Every structure is written in C-alpha cells, then in structure tokens.
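Below is one structure, written out as structure tokens; comments come after it.
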C-alpha cells in the first residue's frame, strides 16, 4: 500500500463495496474503500432472505462482519464522502472530505468502483430514520413481505405507484391499504382493481408518531377516521448518489441509475459500478454478486501482478 497510485478505489462501504474490497484484496490488488457511513443496509432491522443466516441478521451487524473479514487483508476503510472523481493522465483522481474535519483529501487510482448506493426518500416526519430502524417504516416487500402475513400494511406515495406495490403485497397480506394525496389520478380500471383485491384507498392521510415501541403507526385522514398499521411502506422513490460523477458523461437510465455492461463497466473507461446505484432490484445478494463480477473484471483489466 506504499504505492501512491492504488489499483482501485471503491466508493461506498456497504455490502457491494465491502465484497469488492474482499475480492480485490484476495487478487492482491491494492485497494482503498471510502465510506460516508450511510449504507442503506445500516437501517435494516433484520434481513431474513440472505442465504447463510437462518435466523436473519441485523443490517449493521452484517456490515460489521463484512468489515472484520476485510481487516484480515489490510484494506483501509477511510471515513469520508467522495465529492469528485475525474480522469487525469489515464488514472482517476478521487477527492473526498473527511467525516472528522472539513479538510479535503485526494487519492489516485488506476480503476474506480462506484458502490455508493441510493437513499430512499423518507416521509417528512420526525424520527423517520428511527422508525425505519424499528421496522415500522419499511422499504422492501421482497425482503420482508413474508413476515408481514397477518399484519396490517399500507403503501404511502403517489397513488398509481402505491397501488402497484399494494397489489404485490396482497401475496402476503389480507389487510393492505394505499395512502395517497392524488387518489383522483387513479383510473377507473385501477380503482376497480383495488376494490377487487380489497385494497383500502385512504386520501390525504397524516402519519402520527407512535407513543411506544409496541404501538402501531396511525394515520389520520381528513374525514376524521384514524387507521392503524403494523408497518407502512413509503414508495416515494429514491436518490441516486451519483452527484460525484459531474466530470463524466456516464450513461444513465430513465431513473438516473448508472448503466453498466455484463462486467459492471460503465460507459467511462476504467470506471465500474455495482449495487443499488446500478440495479433496480435493490437486494443485498444482487449487490454482492455484482461486486464479485466487477472485481474480477477490474483484476483482468489491470497489468498482471505475479509474485
């Protein structure tokens, strides 16, 4: 690690970034991870669909285990937020700010991997992050829909999008509702489908904070009715953490996600991406798989490194 130019800088210390660091270290590639400490996985109270953890695992605990694993290979994990990446003389200049002070630092790398993920849009209520960590606000029916059986669940967001998610959730639950301020935007066909599937439509509902850890989330509608739910799924979209790509004309899809080829290469030579910033199927196992693919491609793209 004394080389002033490392083989790869990884932006993001979530499951994708840490998996890539593990693979690259085992390929004997000099690697640095820069992490701002806001991995989406850190908000997950328990993951039950990740193979190998039969009882499930807390998101933060999973990240701790993954960090411990790469510690065996002397991979630095630097706390900070990357602000800029730009290409210069066939290498990448990565600038980042430290979490501990206001100073700016720079690193050079032959390759860069973006594993910076996304940020879910939270409802504009106090303690939204804490409610997410408690499992009262949730974001992934694929991850935990199975555990919602027999519970009262609601989708919060634009009416058509919320209804689409509610229809999927009827696989798991009898009591499903849509909370939206634009119910008038639903077509007659959509309303008929909601009625057929016994999905309640609640207009202009206001979330009320629970009084205790055991209390359900309550929603007050304008007509004075109050509805109780065991969990609410905001479907308000997400923010791609790709503002650091301002120096590149990297190809994106219609949602702003980074487009890659089968080897996780972006349209910028030497720049790779994996995880939630790439794929609309935002699953830990998908992020881990993409990171493994990207790492192998990065290793092969670099000059051989025989002992």
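One residue is enough: does the range 221-233 have a residue meeting the conditions out of contact with any strand residue (DSSP E or B) (no Cβ under 9 Å at 6 or more places or on another chain) and either surrounded by fewer than 21 Cβ atoms within 10 Å (Cβ to Cβ) or not assigned by TED's automatic domain parsing to the domain that holds residue 157 (or both)? Reasoning before the result, please.
Initial filter on the range 221-233 (out of contact with any strand residue (DSSP E or B) (no Cβ under 9 Å at 6 or more places or on another chain)): 224.
Those still in the list that are either surrounded by fewer than 21 Cβ atoms within 10 Å (Cβ to Cβ) or not assigned by TED's automatic domain parsing to the domain that holds residue 157 (or both) too: 224.
So far as the range 221-233 goes, yes, one or more of its residues are out of contact with any strand residue (DSSP E or B) (no Cβ under 9 Å at 6 or more places or on another chain) and either surrounded by fewer than 21 Cβ atoms within 10 Å (Cβ to Cβ) or not assigned by TED's automatic domain parsing to the domain that holds residue 157 (or both).
Among strands (runs of 3 or more DSSP E) lying entirely in the range 222-290, which contain 1 or more residues that are more than 19 Å from the chain's Cα centre (by Cα) and without any contact (Cβ under 8 Å) to a residue 60 or more places away in the chain?
Numbers: elements: 226-229, 231-234, 238-240, 271-273.
Of the strands (runs of 3 or more DSSP E) lying wholly inside the range 222-290, those with at least 1 residues that are more than 19 Å from the chain's Cα centre (by Cα) and without any contact (Cβ under 8 Å) to a residue 60 or more places away in the chain span 226-229.
Condition (residue is assigned to a loop (DSSP other than H, G, I, E, B) and modelled with pLDDT of 90 or more) applied to the range 59-72: is it met by at least one residue? Walk me through how you get there before you give the answer.
First pass over the range 59-72, keeping only residues assigned to a loop (DSSP other than H, G, I, E, B): 72.
Checking which are modelled with pLDDT of 90 or more leaves us with 72.
For the range 59-72, residues assigned to a loop (DSSP other than H, G, I, E, B) and modelled with pLDDT of 90 or more: present.
For the structure I just gave you, tell me whether residue 300 is out of contact with any helix residue (DSSP H, G or I) (no Cβ under 8 Å at 6 or more places or on another chain), over 22 Å from residue 142 (Cα atoms) and not in a loop (DSSP other than H, G, I, E, B). Reasoning before the result, please.
Details: out of contact with any helix residue (DSSP H, G or I) (no Cβ under 8 Å at 6 or more places or on another chain): yes; over 22 Å from residue 142 (Cα atoms): yes; not in a loop (DSSP other than H, G, I, E, B): yes.
In short, yes.
Can you say whether residue 129 is touching a residue at least 12 places away in the same chain (Cβ under 8 Å), under 21 Å from the mean Cα position of the chain (by Cα) and farther than 23 Å from residue 257 by Cα, as far as the supplied structure shows? Spell out the reasoning first.
Details: touching a residue at least 12 places away in the same chain (Cβ under 8 Å): yes; under 21 Å from the mean Cα position of the chain (by Cα): yes; farther than 23 Å from residue 257 by Cα: yes.
Answer is yes for this residue.
Just the residues that are out of contact with any strand residue (DSSP E or B) (no Cβ under 9 Å at 6 or more places or on another chain) and more than 14 Å from residue 66 (Cβ to Cβ), please, taken from the range 29-52.
Correct list: 45, 49, 51.
How about the range 85-124: which of its residues are over 23 Å from residue 246 (Cβ atoms) and surrounded by fewer than 13 Cβ atoms within 10 Å (Cβ to Cβ)?
Of everything in the range 85-124, those that are over 23 Å from residue 246 (Cβ atoms) and surrounded by fewer than 13 Cβ atoms within 10 Å (Cβ to Cβ) turn out to be 100, 101, 124.
I want to confirm something. Restricting to the range 36-55 and keeping residues that are in a loop (DSSP other than H, G, I, E, B) and free of Cβ contacts under 8 Å to residues at least 60 places away in the same chain, which single residue is surrounded by the most Cβ atoms within 10 Å (Cβ to Cβ)? Steps first, answer last, please.
Residues of the range 36-55 in a loop (DSSP other than H, G, I, E, B): 36-39, 44-46, 48-55.
Okay, now just the ones that are also free of Cβ contacts under 8 Å to residues at least 60 places away in the same chain, so 52-55.
Values: 52: 5, 53: 15, 54: 7, 55: 6.
For the range 36-55, the residue satisfying everything is 53.
Out of the residues in the range 185-207 meeting the condition of being in a strand (DSSP E or B) and under 28 Å from residue 146 (Cβ atoms), tell me which one is modelled with the lowest pLDDT. Don't jump to the end; show me each part of the working.
Our first condition is that a residue be in a strand (DSSP E or B); within the range 185-207, this holds for 199-203, 206-207.
Then drop every residue that is not under 28 Å from residue 146 (Cβ atoms), which leaves 199-202, 207.
Working: 199: 97, 200: 95, 201: 95, 202: 93, 207: 83.
Result: 207.
Mind telling me which of the residues 77, 82, 64, 33 ends up being over 17 Å from residue 138 (Cβ atoms), in contact with a helix residue (DSSP H, G or I) (Cβ under 8 Å, 6 or more places away or on another chain) and surrounded by fewer than 19 Cβ atoms within 10 Å (Cβ to Cβ)?
Working: 82 fails: surrounded by fewer than 19 Cβ atoms within 10 Å (Cβ to Cβ); 64 fails: in contact with a helix residue (DSSP H, G or I) (Cβ under 8 Å, 6 or more places away or on another chain); 33 fails: surrounded by fewer than 19 Cβ atoms within 10 Å (Cβ to Cβ).
On inspection, the qualifying residue turns out to be 77.
Considering only the range 88-184, give the helices (runs of 4 or more DSSP H) lying wholly within it that have at least 1 residues that are outside the structural domain of residue 289 (by TED's automatic domain parsing) and more than 24 Å from residue 203 (Cα to Cα).
Details: elements: 128-133, 141-144, 159-169.
Those helices (runs of 4 or more DSSP H) span 128-133, 141-144.
The values are calculated or read from the model by the stated rules, or taken from the named source; none is laboratory data. This structure is a prediction, so every number in the text was calculated from the model and none was measured. Positions of Cβ are backbone-derived with ideal geometry, glycine not excepted, and every protein chain shown enters the neighbour counts.
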